[in-house]
Amino acid sequence: MRSGALRLGRREFGPHEPVIMAIVNRTPDSFYDQGATFQDEPALARVEQAVAEGAAIIDIGGVKAGPGEEVSAEEEARRTVGFVAEVRRRHPDVVISVDTWRHDVGEAVCEAGADVLNDAWGGVDPKLAEVAARYGAGLVCTHAGARSRGRGRTGSRTTTSWRTSCG
């Protein structure tokens, strides 16, 4: 590996190399595309377009990032796992990132071929880091705000609690 390089999946990116990441939202109520890539065919067409335009990373999300209806783990997995497998089949060298905060969904998408788990909820499920480590997947951890994921749950996770959760 080159000095300062980042390895994600089968790819290595140099420290001064620009990297394009495309987002494919598998939600019917996405704030960005209003559900345009919820169904399989439009979502796969978006992946094909993004790869043709130079995207090295495809980030797939099965739960809306903003306020909205709660989505069960089973539904999130239904929206993402098979899709990840199909993207991996079509594009073996593209880096596949999946936006999830649940360890069980993380495990399923890693089994299907995901290279990165993108936790936009700051460690709500600390077992997600264990899944990433077990599969050798990258882990991106950000925090979308003070409200924790899921209906009726409030509170916040601080950077300190995330560090404690992940070691």
Worksheet item: Which number in (1) modelled with pLDDT of 95 or more; (2) farther than 24 Å from residue 28 by Cβ marks the one condition that residue 80 misses?
Response: (2)
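Taking the criterion of being in a helix (DSSP H, G or I), more than 24 Å from residue 124 (Cβ to Cβ), touching a strand residue (DSSP E or B) at 6+ places or on another chain (Cβ under 7 Å) and not polar (S, T, N, Q), would at least one residue in segment 92-101 satisfy it? Break it down stepwise before answering.
Going residue by residue through segment 92-101, those that are in a helix (DSSP H, G or I) are none.
Within segment 92-101, none of the residues are in a helix (DSSP H, G or I), more than 24 Å from residue 124 (Cβ to Cβ), touching a strand residue (DSSP E or B) at 6+ places or on another chain (Cβ under 7 Å) and not polar (S, T, N, Q).
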Worksheet item: For segment 11-65, which strands (runs of 3 or more DSSP E) that fit wholly inside it have 3 or more residues that are within 15 Å of residue 115 (Cα to Cα), β-branched (Val, Ile, Thr) and modelled with pLDDT of 90 or more?
Response: 57-61
Practice prompt. Give the residue, chosen from 22, 50, 56, 65, that is touching a helix residue (DSSP H, G or I) at 6+ places or on another chain (Cβ under 8 Å) and surrounded by 15 or more Cβ atoms within 10 Å (Cβ to Cβ).
Written response: 22
Worksheet entry | Any chance residue 71 is under 29 Å from residue 42 (Cβ atoms), part of a loop (DSSP other than H, G, I, E, B) and either among the aromatic types (Phe, Trp, Tyr) or modelled with pLDDT under 95 (or both) | yes
Fill in: Pair list, Cβ < 7 Å and 6+ apart or interchain, from segment 72-90 residues that are over 15 Å from residue 113 (Cα atoms) to residues that are surrounded by fewer than 21 Cβ atoms within 10 Å (Cβ to Cβ)
73/104
Discussion item. Just to verify a result, which residue in segment 116-157, among those that are within 19 Å of residue 64 (Cβ to Cβ) and of a type in the set (Ser, Thr, Tyr), is modelled with the lowest pLDDT?
Written reply: 154
Worksheet item: Would it be correct to say that residue 95 is buried (at least 16 other Cβ atoms within 10 Å of the Cβ) and closer than 18 Å to residue 20 by Cβ?
Response: yes
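The values are calculated or read from the model by the stated rules, or taken from the named source; none is laboratory data. Given the structure is predicted, the values throughout are model-derived calculations rather than measurements. Here Cβ is always computed from backbone atoms with ideal geometry, including for glycine, and neighbour counts include all displayed protein chains.
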